[in-house]
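Trainee: I am attaching a structure below and will ask some questions about it afterwards.
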Amino acid sequence: MTQEHHKKLALITGASRGLGAALAESLAGAGWHIVAVGRTLGALEELDDRIQAAGGSATLAALDITNDDAMRHLCRDIHDRWGALDLWAHMAIYAPPMTPADHVPLKDWEKCVGVNIRATGFLIPMIAPLLAASAGRGTALFVDDPAAYGRFMGSYGASKGAQMALARAWQDESTKTGPRVIIDACAPMPTATRARFYPGEDRAKLTACAEEAARLTALL
């Protein structure tokens, strides 16, 4: 067995940048082995370099979470290699440009539904058995975004709200049986998504992704 088999195992969907990448680094620094999922291989490789430089370990999976077959294969690989999963942190999100509700392009709406709602609804049943096999019954982590609900946020807010409804239902249903489902709302961070919404904002006043990642790590 390699050293990673003795570590807690965390699957992070949406790990290539922003809070997902920061959480991967924070957890790896706390002794977790990270299965990092993201669409951009280059960004994942840069994440892996940072994790390894800090003495941590990661397995990279350059996948699109809306690809059902790829995600099925990944979950099977996790089962075959490790037998269980201690944490699933679902950081993947699609947030289109701010648009009036009566002008939302169909392609943006369909991508919001595909990434934020459908993929979440597909992954929960796929990952739940892996979390159930954890000695600690596993933990699932979701992050809400208070900025998603308001003017010009119709498609993002509607799909994010549906994602949170799924997460809250799972949280209520699993109170006695597990897994533990944590739903958190982070402080505003200087992510690429937020910059798209607020291009003139003073980013120096925002909370660093690493700081929020450290706070979430403490919850786990």
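The values are calculated or read from the model by the stated rules, or taken from the named source; none is laboratory data. Everything numeric here is computed off the predicted structure, so don't read it as measured data. Heads up, the Cβs are rebuilt from the backbone with ideal geometry, glycines too, and the neighbour counts pull from every protein chain shown. The area values use the complete protein model at the heavy-atom level, side chains included, leaving out ligands, DNA and RNA. Shrake-Rupley method; radii C 1.70, N 1.55, O 1.52, S 1.80 Å.
Trainee: Which of the residues spanning segment 127-141 are assigned to a loop (DSSP other than H, G, I, E, B), among the small types (Gly, Ala, Ser) and surrounded by fewer than 18 Cβ atoms within 10 Å (Cβ to Cβ)?
Mentor: Within segment 127-141, Ala133, Ala135, Gly136 meet the criteria.
Trainee: Six or more apart or on different chains, Cβ under 8 Å: which pairs go from a residue in segment 193-214 that's among the polar types (S, T, N, Q) to one that's in a helix (DSSP H, G or I) and surrounded by 12 or more Cβ atoms within 10 Å (Cβ to Cβ)? Could you list them?
Mentor: From segment 193-214, the pairs are Thr193/Gly18.
Trainee: Would you mind stating whether Arg118 is touching a Gly at 6+ places or on another chain (Cβ under 6 Å) and either among the basic types (Lys, Arg) or without any contact (Cβ under 8 Å) to a residue 12 or more places away in the chain (or both)?
Mentor: Details: touching a Gly at 6+ places or on another chain (Cβ under 6 Å): no; either among the basic types (Lys, Arg) or without any contact (Cβ under 8 Å) to a residue 12 or more places away in the chain (or both): yes.
Here the answer is no, as Arg118 does not meet what is asked.
Trainee: Same structure, new question: Just checking, how many residues over segment 168-184 are in a helix (DSSP H, G or I) and in contact (Cβ under 8 Å) with a residue 12 or more places away in the chain? Spell out the reasoning first.
Mentor: Here is the first cut: in segment 168-184, the ones in a helix (DSSP H, G or I) are 168-173.
Narrowing further to those that are in contact (Cβ under 8 Å) with a residue 12 or more places away in the chain: 168, 170-171.
Counting residues in segment 168-184 that are in a helix (DSSP H, G or I) and in contact (Cβ under 8 Å) with a residue 12 or more places away in the chain gives 3.
Trainee: While we're looking at this one, here's another question. Hey, does segment 108-126 have a residue that's in contact with a strand residue (DSSP E or B) (Cβ under 8 Å, 6 or more places away or on another chain), open to solvent by 70 Å² or more (accessible area, probe 1.4 Å) and not in a strand (DSSP E or B)?
Mentor: Among the residues of segment 108-126, not one is in contact with a strand residue (DSSP E or B) (Cβ under 8 Å, 6 or more places away or on another chain), open to solvent by 70 Å² or more (accessible area, probe 1.4 Å) and not in a strand (DSSP E or B), which makes the answer no.
Trainee: Determine, yes or no, whether Thr217 is touching a helix residue (DSSP H, G or I) at 6+ places or on another chain (Cβ under 7 Å) and hydroxyl-bearing (Ser, Thr, Tyr).
Mentor: So Thr217 fits the description; yes.
Trainee: Quick one: which of Lys160, Lys176 is out of contact with any Pro (no Cβ under 6 Å at 6 or more places or on another chain) and open to solvent by 60 Å² or more (accessible area, probe 1.4 Å)?
Mentor: Only one candidate passes the filter, namely Lys176.
Trainee: I'm checking my understanding of the structure. Among residues of segment 179-192 that are over 17 Å from Arg215 (Cα atoms) and open to solvent by 40 Å² or more (accessible area, probe 1.4 Å), which one is modelled with the highest pLDDT?
Mentor: Going through the qualifying residues, I end up with Arg180.
Trainee: Could you please give the count of residues in segment 74-90 that are closer than 23 Å to Leu216 by Cα and acidic (Asp, Glu)?
Mentor: 1
Trainee: So which residues in segment 142-158 are free of Cβ contacts under 8 Å to residues at least 60 places away in the same chain and either in a helix (DSSP H, G or I) or among the aliphatic types (A, V, I, L, M) (or both)?
Mentor: Pro146, Ala147, Ala148, Met153, Gly154, Ser155, Gly157, Ala158
Trainee: Would you check if Asp144 is surrounded by fewer than 18 Cβ atoms within 10 Å (Cβ to Cβ) and within 16 Å of the chain's Cα centre (by Cα)? If you could, list the steps in order and put the result at the bottom.
Mentor: Working: surrounded by fewer than 18 Cβ atoms within 10 Å (Cβ to Cβ): yes; within 16 Å of the chain's Cα centre (by Cα): yes.
The answer is yes for Asp144.
Trainee: Restricting attention to segment 185-220, and to residues there that are touching a strand residue (DSSP E or B) at 6+ places or on another chain (Cβ under 9 Å) and not in a helix (DSSP H, G or I), which single residue is nearest to Tyr149 (Cα to Cα)?
Mentor: Looking at residues that are touching a strand residue (DSSP E or B) at 6+ places or on another chain (Cβ under 9 Å) and not in a helix (DSSP H, G or I), I get Ala185.
Trainee: Give me the pairs, please: first residue somewhere in segment 14-25 and within 14 Å of Ala208 (Cα to Cα), second residue anywhere and among the polar types (S, T, N, Q), beta-carbon distance under 8 Å, and either six or more positions apart or on two chains.
Mentor: Qualifying pairs under 8 Å: Arg17/Thr40; Arg17/Thr191; Gly18/Thr191; Gly18/Thr193; Leu19/Thr191; Gly20/Thr13; Leu23/Thr217.
Trainee: Could I ask something else about it? Can you give me the ranges of the strands (runs of 3 or more DSSP E) entirely in segment 1-106 with at least 2 residues that are open to solvent by 20 Å² or more (accessible area, probe 1.4 Å) and at pLDDT 95 or above?
Mentor: 57-62
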